[in-house]
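Colleague: My structure is below; once you've seen it, I'll send some questions.
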Amino acid sequence: MSKNKNLFTLIPKVDELLEEKNIKKLLDIMPRKLVVDAIREEVELLRNGIRENSLNEEEVNKRNLSLPNRIVDRANRKNSLKLKRVVNGTGVVIHTNIGRSLISDDVMENVKEIAVNYSNLEYDLENGMRGSRYSHVEDIIVEITGGESAMVVNNNAAAVMLVLSTMAKDREVIVSRGELIEIGGSFRIPDVMEQSGATLVSVGTTNKTHLWDYENAINEETAALLKVHTSNYRILGFTSSVSSEELSTLKQKYDVPIIEDLGSGVLIDLSKYGLEYEPTVQDSIKNGVDVVTFSGDKLLGGPQAGIIVGKKEYIEAMKRNPLTRAFRVDKFTLSALEATLRLYLDESTAVEKIPTLRMLSASIEELEDKAKSLYELLVNNIKCEKCKVEIVDDYSEVGGGSLPLEKMPTKCIMLTLNDLSISEFERYLREYKIPIIARVYKERVFIDLRTVKEDEFNLVVDGIVYGLEGVQA
Ligand SMILES: *Cc1c(COP(=O)(O)O)cnc(C)c1O
């Protein structure tokens, strides 16, 4: 006890640290309170270290030496913007927690042009009068998907809500029990349905729903039949569901529209690129679905948006729904979406230029080359006897609730630490000025090359060096 007390007195005082030259310099560029907080927090960590790891005098002195640097790092972190870029080492391509789809530089140039200048957002240049913000993307969505008409709202959740509110308020919507899904972030079909004012009529069972289940439930209160893509899970084994094609046979017989929430909204045949076939938006339209909704930032690879495509009469009614104003997209989204959709006019351009599609279609040879380059950089730059770097085979995931069973073979850098804490190392990676988000599995850190860009390699190396210094300090 008394030994510990002595060690605490070895830690410099806040006032002394404020006089340290690198820390003092910070006072010119950031608020004093922030610097003092950074000092207090680092000192507290050191105190905890003494308490919990029973450091000896030599170790405390060693940590005291690096204390000013750690304080400067912490203060810089506190002074940086809260929403910031990270490196995605997880291999999950559409990772909702770290921003889903990336937008390419080319597309962002269009966004910048619109952002820093005035634009014809709601101005009809031909007639010199008020125009519609939806007009800029409507034609191209129609052209790509084959639908009659289209509009765009804030996200797919809003799209589903708007569709149900417009087409089924105070009436019934029939859904299969196997499709009453919950998507992360509390999007639940029964709840969305309730909010929209429509009444949910669920039919069939969890694993099996037949066409006659829908047919038996149709009555004069029925406003629509809803099909929901079971994005983030699959029911396997003894199952059956009704395809949109089969459902559309009921449409003619009973004159009820069919709505489909596709979730991801794929516009190209992914099986050409080694992925499982995922029904496209074009398929749904061809199969007779009246209104389809999907996300802009999942497999489509654009900005956050909810896209609605379908029969003109319904889309026109949606545009008049007051919810449309609440769900409306801003000009940045419209600009990014239009530029992204344009890339789809030529499929090979889309696959090459849209980051999400590029990462999903990356060949194993390409991933291996990237792994080798990063490996070389790492072994040449890290000095750590306790750390082993290897290239290993692994699997990446699509993410975003898309193709949940798909396992894409990939290459990873695997880091093994001897006698050092892997969780502490991972925390340092997350704390780095540009955080490195890695996968931790069985006491190892994995960095998947599928989601790391070549121009991020130096960052990854610096982050790992920072982390290794941290755990060894
Ligand atoms: C992802 C998803 C949603 C929600 O889409 P957001 O664009 O995130 O609002 C709704 N339905 C399905 C089937 C989905 O997969």
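Colleague: Filter segment 462-473 for residues that are surrounded by fewer than 19 Cβ atoms within 10 Å (Cβ to Cβ) and assigned to a helix (DSSP H, G or I) and give the result.
Modeller: Correct list: D462, V465, Y466, E469, Q472.
Colleague: Quick check on L420: is it farther than 28 Å from D106 by Cα and either among the hydrophobic types (A, V, I, L, M, F, W, C) or modelled with pLDDT of 95 or more (or both)?
Modeller: Considered against the rule, which asks whether it is farther than 28 Å from D106 by Cα and either among the hydrophobic types (A, V, I, L, M, F, W, C) or modelled with pLDDT of 95 or more (or both), L420 comes out as yes.
Colleague: Which of (1) more than 22 Å from F294 (Cβ to Cβ); (2) surrounded by 13 or more Cβ atoms within 10 Å (Cβ to Cβ) does M129 not meet, given it meets every other one?
Modeller: Checking M129 against (1) more than 22 Å from F294 (Cβ to Cβ); (2) surrounded by 13 or more Cβ atoms within 10 Å (Cβ to Cβ), the one that fails is (2).
Colleague: In the set S54, S66, S80, S104, which member is more than 23 Å from the chain's Cα centre (by Cα) and farther than 15 Å from L7 by Cα?
Modeller: Answer to the check: S66.
Colleague: May I pose another question? Do the conditions hold for I50, that is, is it modelled with pLDDT of 90 or more, part of a helix (DSSP H, G or I), over 30 Å from L403 (Cα atoms) and in contact with a helix residue (DSSP H, G or I) (Cβ under 6 Å, 6 or more places away or on another chain)?
Modeller: Taking the combined requirement at face value, the residue does not satisfy it.
Colleague: Here is a follow-up. Somewhere in segment 49-67, is a residue among the hydroxyl-bearing types (S, T, Y) and under 30 Å from I364 (Cβ atoms)?
Modeller: no
This table checks each residue for (1) more than 30 Å from N156 (Cβ to Cβ); (2) surrounded by 18 or more Cβ atoms within 10 Å (Cβ to Cβ).
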{"residue": "A371", "(1), (2)": "yes, yes"}
{"residue": "L378", "(1), (2)": "yes, yes"}
{"residue": "E406", "(1), (2)": "no, no"}
{"residue": "T416", "(1), (2)": "yes, no"}
{"residue": "E431", "(1), (2)": "yes, no"}
{"residue": "T451", "(1), (2)": "no, yes"}
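Colleague: Let me ask another. Only one residue in L27, L10, L45 is of a type outside the set (D, E) and not in a helix (DSSP H, G or I). Which one?
Modeller: One residue alone meets the criteria, L10.
Colleague: Of A224, A217, which residue is more than 29 Å from the chain's Cα centre (by Cα), closer than 20 Å to A159 by Cα and either crowded, with 16+ Cβ neighbours inside 10 Å or not basic (K, R) (or both)?
Modeller: A224
Colleague: Within segment 440-466, can you find the residues that are in contact with a Phe, Trp or Tyr (Cβ under 6 Å, 6 or more places away or on another chain) and under 17 Å from Y375 (Cβ atoms)?
Modeller: Hit for segment 440-466 is G463, nothing else.
Colleague: Still on this model: Name the one entry in R77, R85 that is under 30 Å from E397 (Cβ atoms) and modelled with pLDDT under 90.
Modeller: Criteria check complete, one pass: R77.
So that you can scan it fast, the table gives a plain yes or no per residue for (1) surrounded by fewer than 16 Cβ atoms within 10 Å (Cβ to Cβ); (2) outside any helix (DSSP H, G or I); (3) more than 15 Å from the ligand (Cβ to nearest atom); (4) under 25 Å from the mean Cα position of the chain (by Cα):
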{"residue": "Y118", "(1), (2), (3), (4)": "yes, yes, yes, no"}
{"residue": "R133", "(1), (2), (3), (4)": "no, yes, yes, no"}
{"residue": "V137", "(1), (2), (3), (4)": "no, no, yes, yes"}
{"residue": "V152", "(1), (2), (3), (4)": "no, yes, no, yes"}
{"residue": "V163", "(1), (2), (3), (4)": "no, no, no, yes"}
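Colleague: Of all residues in segment 293-322, which are among the hydroxyl-bearing types (S, T, Y) and more than 9 Å from the ligand (Cβ to nearest atom)?
Modeller: Selection gives Y314 alone.
Colleague: Give the number of residues within segment 388-420 that are closer than 12 Å to E276 by Cα and either away from the ligand (no atom under 16 Å from the Cβ) or polar (S, T, N, Q) (or both).
Modeller: The qualifying residues number 3.
The values are calculated or read from the model by the stated rules, or taken from the named source; none is laboratory data. No experiment lies behind these values; they were computed from the predicted model shown. Every residue, glycine as well, gets a Cβ built from its backbone with ideal geometry; the counts of neighbours run over all protein chains shown.
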